[in-house]
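Here is the structure we will look at.
Just so it is clear, none of the values below were taken in a lab; they were calculated from the coordinates. Being a predicted model, the structure only gives us computed values, none of them experimental. A quick note on method: Cβ atoms are made from the backbone with ideal geometry, for glycine too, and the neighbour counts reach across all protein chains shown.
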Amino acid sequence: MSLLEVKNLKKYFNTPGGMLHAVDDVTFNIERGHTVGVVGESGCGKSTLGKTLIRMTDATSGEVYFDGQEITGMSQKDYKKMRMRMQMIFQDPYASLDPRMSVSALIAEPIKTYKLAKSKHDLDKMVLELMDTVGLARRLAGVYPHELDGGRRQRIGIARALSLSPEFIVCDEPVSALDVSIQAQILNLLMDLQEEKKLTYIFITHDMSVVKHISDEICVMYLGQVVEKCGSNELFHNTLHPYSQALLSAIPVPSIHNRKERIILKGEITSPINPKPCCRFAARCNYATEKCFESEPEFREYGEGSNHFVKCHRVEELQAEKAKTAN
Ligand code: SF4
């Protein structure tokens, strides 16, 4: 059974201009121990999706099931116990850490809130073990976040998330604010922890090369909607949606022999406020026809049993044209 099931999840915000559709009818599952990457440009709703999944913000409608139990309508009291099993790692560790607290106090905070330590000795032991787990030297226990580099600060964020022994973690752009060399260390740490503790991740990022590295499955989001969803390898070898194709074409390739032409997206981005029933990518899509501006494509499986879902009216036609050009 999936650890997380998301059905028709919507999160709208009331704005002076109308209803902003930040997350619009998103449906997917995550298997236990797997990572689902969520990619898209900034403002596509991926962080709002992550927050809505763990009820950091309430959903407008739709359902989220965690380990078979619906959490969207659960009382705050029941959800508090469930919330321990679902944690979040934030993009900017510095902004999410209280600068007046030392490393050990920051890691101890969630343990104290949930009264998980039996004594002061027990608490200190748990904090030091968590520091070992995330690769923070014990000598740093008394220092403050501003004395540390971004990678070490993110290790504090990871230790705080792990302190409640969660099963599921929303990783919201956890390496975007870090130097490239440190990004790899944090990604490797997250992957090692996943294997060791059988964790399930949602990994939110705008960086396609990062998502490829870490995900089993990938959801590509555009203006609040998932426009393509499939296995990680499948997405990189058989990209169906024109928006995903444009995102992938922007990944730098080291070899000049394999370099693909970059697809530059032109045209106005459709407003997510009171969007019309059409393909939201139509104004920027090189393959748009009248139909694309007049009706919203279904999110459907491309080929029975393929587990490759796409939201595009013209996918069959475009794939047939591609095959013809290749022959
Ligand atoms: Fe492009 Fe039309 Fe497909 Fe939208 S539905 S991605 S506009 S071809």
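Could you pull out every Cys in the chain that lacks a partner Cys with its beta carbon under 4.7 Å away?
Among the cysteines of the chain, those whose Cβ sits 4.7 Å or more from every other are Cys44, Cys171, Cys219, Cys230, Cys278, Cys285, Cys312.
Could you sort 131-141, 2-12 so that the peptide with the highest average Cβ count within 10 Å comes first and the rest follow in order?
Working: 131-141: 16.3, 2-12: 19.0.
My ranking of the peptides, most packed first, is 2-12, 131-141.
Would you list Tyr243, Tyr94 from fewest to most Cβ contacts within 10 Å?
On the way: Tyr243 26, Tyr94 16.
By the 10 Å Cβ count, ascending, the order reads Tyr94, Tyr243.
Run the reach check for Lys197 against lysines, Cα to Cα strictly under 21 Å, same-chain hits fewer than 8 apart removed. What comes back?
Within the straight-line limit of under 21 Å, Lys197 reaches these lysines: Lys81, Lys125.
Given axes a ≥ b ≥ c from the Cα gyration tensor, I'd like to know whether the range 1-73 is rounded (a/c under 1.5), prolate (a/b larger than b/c) or oblate.
On the way: a/c = 2.61, a/b = 1.55, b/c = 1.68.
Oblate, because a/c is 1.5 or more while a/b does not exceed b/c.
Using alpha-carbon positions, what is the distance between the centroids of the range 180-209 and the range 52-74, in Å?
Each part's Cα centre sits 24 Å from the other's.
With r as the distance between the Cβ atoms of Ser2 and Leu116 and R0 = 25 Å, compute the FRET efficiency 1/(1 + (r/R0)^6) and round to 0.05. All intermediate terms of the calculation are to be shown ahead of the outcome.
Working: r = 27 Å, r/R0 = 1.10.
The pair Leu116/Ser2 has a calculated efficiency of 0.35.
For the chain, with a Gaussian network of springs between Cα atoms less than 10 Å apart, report the residue from Val36, Val315, Val211 with the top mean-square fluctuation.
Result: Val315 has the largest fluctuation of those listed.
Which whole-number percentage describes the relative contact order of the range 18-139, with Cα contacts under 8 Å and a sequence gap of 6 or more?
Details: 51 pairs, mean separation 13.9, N = 122.
Taking the mean separation of contacting Cα pairs over the length of the range 18-139, I get 11 percent.
Taking a ≥ b ≥ c as the square roots of the Cα gyration tensor eigenvalues, with a/c under 1.5 meaning rounded and otherwise prolate when a/b beats b/c, else oblate, which class fits the range 198-296?
Since a/c reaches 1.5 but b/c is at least a/b, the shape of the range 198-296 is classed as oblate.
Step through the table entries Lys7/Lys311; Lys11/Lys51; Lys10/Lys276; Lys46/Lys198; Lys229/Lys324, compare each Cα-Cα distance with 18 Å, and write down the pairs that go over it.
Lys46/Lys198; Lys229/Lys324
Could you name the lysines in cross-link range of Lys120, using Cα to Cα under 20 Å and dropping any fewer than eight places away on the same chain?
Lys112
Tally Lys and Arg at +1 and Asp and Glu at -1 over the other residues with C-beta under 9 Å from the C-beta of Gly37: what net charge comes out?
Values: positive: Lys212; negative: Asp216, Glu217.
Overall, the nearby charge balance is -1.
Taking 0.36 nm per residue of separation and subtracting the Cα-Cα distance, what length does fully extending Lys81 through Ala323 add? Walk me through the numbers on the way to the answer.
Values: separation 242, 0.36 × 242 = 87.12 nm, distance 5.22 nm.
Net length gain for the segment: 81.9 nm.
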